[in-house]
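For reference, the structure discussed in these notes is given below.
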Amino acid sequence: MTLRFIAKDPNTNGDNCPTVWVDEKTNDLIVQGWKADSETEQKCLETGNIPETEAVVRLPARMVAAIREACDVADGPAIR
């Protein structure tokens, strides 16, 4: 697996912080975020189950640019 690093949360010290990558083979987005609190998980459960193989994570709004960049990388050279 080859992961392309996109960015870490710009407002942290670089350790243990939200991060975004793109799997260059599958173009999947890989994210590291803060574990959602129980209130957030409860709201998410209103729309469906959260299987044991999945997790709800929270990324700060300041990472929107990094997520957009990751989406652009995953989307490839598509004409916009």
**Request:** May I ask you to list the residues in the stretch 17-27 that are of a type outside the set (Ser, Thr, Tyr) and loosely packed, with under 14 Cβ neighbours inside 10 Å?
**Result:** 24, 25
**Prompt:** In this structure, is residue 17 out of contact with any helix residue (DSSP H, G or I) (no Cβ under 9 Å at 6 or more places or on another chain), at pLDDT 95 or above and of a type in the set (A, V, I, L, M, F, W, C)?
**Reply:** no
**Complete:** Note on the stretch 24-43: residues within 30 Å of residue 76 (Cβ to Cβ) and either in a strand (DSSP E or B) or among the β-branched types (Val, Ile, Thr) (or both) are 26, 29, 30, 31, 32, 34
**Fill in**
So, first residue over 18 Å from residue 35 (Cα atoms) in the stretch 1-19, second residue open to solvent by 20 Å² or more (accessible area, probe 1.4 Å) and in a loop (DSSP other than H, G, I, E, B), Cβ within less than 6 Å, six or more apart or across chains; the pairs are 2/24; 4/24
**Asked** Is it the case that the stretch 40-48 has a residue that's in contact (Cβ under 8 Å) with a residue 24 or more places away in the chain and among the polar types (S, T, N, Q)?
**Response** no
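The values are calculated or read from the model by the stated rules, or taken from the named source; none is laboratory data. Keep in mind that this is a model prediction, so the values were computed, not measured. Neighbour counts are summed over all protein chains in view; Cβ atoms, including those assigned to glycine, are modelled from backbone coordinates with ideal geometry. Ligands, DNA and RNA are stripped out before the accessible areas are found, and what is left, the full protein with its side chains, is counted by its heavy atoms. Shrake-Rupley method; radii C 1.70, N 1.55, O 1.52, S 1.80 Å.
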